[in-house]
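Trainee: Sharing a structure, written as structure tokens. Questions coming.
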Amino acid sequence: MKIVYTHQVCLHYKIPFLRLLKSNHGHDVFGIFGQSHWKQSKFRSVSDIPDIHYQLLPTIDLYLPYRKRYAHVFWNPTLKRTLQTIQPDVVITGPSNFPNNSAIASYCNKYNIPYIWHGLGSMYSTDSIVRKFMNKRVRKFIQGAAGGLAFNTDSKRYYVEKYDVDSCSIQIAPNVVDTEKVYSDRILYSEQVAHLKKELNLEGCKVILFVGAIDPVKKLDVLLEAFKKIKFEGNYKTKLLIVGDGTLTSKMKDLCGELGITDSVVFVGKKIIDVNLYYMLGDVFVMPGLGGLAISHAMAHGLPVITAPADGTEKDIIQDGINGFLLDNGQGAEAIAMYLTQLLNDDELLKKMSNSARHSIEKTFNIKNTVSIFDKLVSQVALSR
């Protein structure tokens, strides 16, 4: 079966998903991606995707006025012509990627080709400015789809309530990291962990880990405040390992000095290729702000997670008090410090929650399961043509 997967950019974590969809299920997968040059976006298309047919299309960034603000949308003017050349059996896309979806709907309706959307919904129950601007068109596009895939339970509820979609037509397919690579890298890097711990002066310490962009939405300052509260508590040595970079890196390093914790906080910068090695150094993972894939990534390594509200996936994946702790809106450094103290003071609890975190990923929230969900829906809609 010939499948087109299209998105405004090709994100690096989507590549393993596309490759598995091809190799494990025998589909001929084509990736069609844009090349946005929007300066405010941290997302850029990967330029090389082994084993997958892909095209990076010319992209026009549009800024549409909406209530004294501007909605930023991406447009690939050659998308429809590209679809006509490929002649797919099924198209998969995001639900609010306009005006591209107008071209997709036009093509699919003309040639009786089913399309499927895969979407996050609305975080914190607020719509993006783009979705508000295009709301009627989004509704029409979603209702005209052969099926839908929501990232999590909250996402599914959003689409059902907002766009009057039959809940039976929506499956939940969580956005996940390449868990197969996590498992293979844990073997690959097993002999390097001790050396890196020594190099970073983490030997004999319990390590609190943060992985992510150091920007305002991640609220790293809240974690630093929490770390200060626990630094001198308990009968253990502890260090905070920060993996990532961003606009607030210098400011966060200065804050460490102000809080008197510089000697116990290690900044190693952004890691991509060998990021799994750094996850292997941690004992507990904390996401004090808006998180995403890092949460399931940490749990795949057997790290209990303390996280603030994110995109909704954390509510599906984390059983509060079993494999991690969910912070309520408004909870900050005090709550994080309390949960950290609870975990770091009790080795038996830490081990138990670590095993539960790893089991959650192995059982449900892994890349093979997500690909299987996609494959099942794709096969169903293709047969119903």
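None of the figures in this text is laboratory data; all of them are computed from the coordinates on show. Everything quoted here is computed from the prediction, not taken from an experiment. Neighbour counts run over all protein chains shown; Cβ positions are idealised from the backbone, glycine included.
Trainee: If I model a spin label at residue 63 and residue 262 as a point 7 Å from the Cα along the Cα→Cβ vector, what separation in nanometres do I get?
Mentor: Distance between the two pseudo-spin positions: 4.0 nm.
Trainee: Once Lys and Arg get +1 and Asp and Glu get -1 on their Cβ, which of 213, 105, 321 lies farthest toward the positive end of the dipole of the chain?
Mentor: Positive-most Cα among the choices belongs to 105.
Trainee: Near residue 219, which lysines are there with a Cα under 21 Å away, not counting those fewer than 8 places off in the same chain?
Mentor: Reachable lysines: 42, 228, 229, 231, 239, 251, 253, 270, 271, 315.
Trainee: How much net charge surrounds residue 193 when only the other residues with a Cβ under 13 Å from the Cβ of residue 193 are counted, with Lys and Arg +1 and Asp and Glu -1?
Mentor: Cβ neighbours under 13 Å give a net charge of -3.
Trainee: Lys pairs in the range 147-206, Cα-Cα under 27 Å, at least 8 apart or on separate chains: how many?
Mentor: Taking the Cα cut-off of 27 Å, the pair count is 5.
Trainee: Quick one: Karplus J couplings for the range 239-252, per residue in order, coefficients 6.51, -1.76, 1.60, θ = phi - 60°, nearest Hz, x for Gly and Pro?
Mentor: The phi angles translate into 9, 10, 9, 10, 10, x, 8, x, 5, 9, 4, 4, 5, 5 Hz.
Trainee: Sticking with this structure for a sec: Bin width 10 Å, alpha-carbon pairs only: give the P(r) of the range 223-377 as whole percents, running from 0 to the bin holding the largest distance.
Mentor: 10, 38, 38, 11, 3, 0
Trainee: Further question on the same structure: I need 102, 384, 155 ordered by Cβ neighbour count within 10 Å, fewest first.
Mentor: Ordered by Cβ neighbours within 10 Å, fewest first: 384, 102, 155.
Trainee: Let me ask another. Pop out the ³J(HN,Hα) list for the range 13-23 in order, Karplus 6.51 cos²θ - 1.76 cosθ + 1.60 with θ = phi - 60°, rounded to Hz; leave Gly and Pro as x.
Mentor: For the range 13-23, the Karplus-derived couplings read 6, 7, 4, x, 4, 5, 5, 5, 4, 7, 6 Hz, x marking Gly and Pro.
Trainee: List the residues whose amide H sits under 5 Å from the amide H of residue 325, counting only those 5 or more places along or on another chain, with H placed 1.01 Å from N in the peptide plane.
Mentor: Here the answer is 305, 306, 307, since their amide H atoms fall under 5 Å of that of residue 325.
Trainee: Then there is this: For residue 11 and residue 236, FRET efficiency with R0 = 35 Å and r from the beta-carbon atoms, rounded to 0.05?
Mentor: In this case the efficiency is close to 0.40.
Trainee: Right, next: Run the quick spin-label model on residue 199 and residue 51: label points 7 Å from Cα toward the beta carbon, then report their separation in nm to one decimal.
Mentor: Here the answer is 2.9 nm between the modelled labels.
Trainee: While we're on this one: If you filter the range 145-242 for GluC sites (Glu not before Pro), then keep DSSP loop positions with at most 12 other Cβ within 10 Å, what is left?
Mentor: Of the GluC sites (Glu not before Pro), the ones in loops of the range 145-242 whose Cβ has at most 12 other Cβ atoms within 10 Å are 191, 203.
Trainee: How would you rank 278, 13, going from fewest to most other Cβ atoms within 10 Å of each one's own Cβ?
Mentor: Fewest-to-most Cβ neighbours within 10 Å comes out as 13, 278.
Trainee: Set the Förster radius R0 to 30 Å, insert the Cβ-Cβ distance between residue 217 and residue 342 as r into 1/(1 + (r/R0)^6), and round the FRET efficiency to 0.05.
Mentor: That pair, residue 217 with residue 342, gives E of 0.70.
Trainee: Taking 30 Å as R0, compute the FRET efficiency from the Cβ-Cβ separation of residue 87 and residue 172 and round it to 0.05.
Mentor: 0.50
Trainee: Any aspartates and glutamates with Cα under 18 Å of the residue 22 Cα? List them, leaving off those in the same chain fewer than 8 positions away.
Mentor: Output for residue 22: 48, 51, 89, 178, 180, 375.
Trainee: Continuing with this model, one more query. Excluding residue 341 itself, calculate the net charge of residues whose Cβ lies under 12 Å from the Cβ of residue 341, where each Lys or Arg counts +1 and each Asp or Glu counts -1.
Mentor: Within the 12 Å Cβ shell, the charges total 0.
Trainee: Simple spin-label model, 7 Å along Cα-to-Cβ: residue 164 to residue 137 in nm?
Mentor: Once both label points are built, they end up 2.1 nm from each other.
Trainee: With θ set to phi - 60° and the Karplus curve 6.51 cos²θ - 1.76 cosθ + 1.60, what are the ³J(HN,Hα) couplings of the range 263-275 in order, to the nearest whole Hz, using x for Gly and Pro?
Mentor: Rounded to whole hertz, the list is 6, 10, 10, 10, 9, 10, x, 7, 10, 10, 4, 10, 4.
Trainee: Give me 364, 307 ranked fewest to most by other Cβ atoms within 10 Å of their Cβ, as a rough exposure proxy.
Mentor: Exposure proxy ranking, most exposed first: 364, 307.
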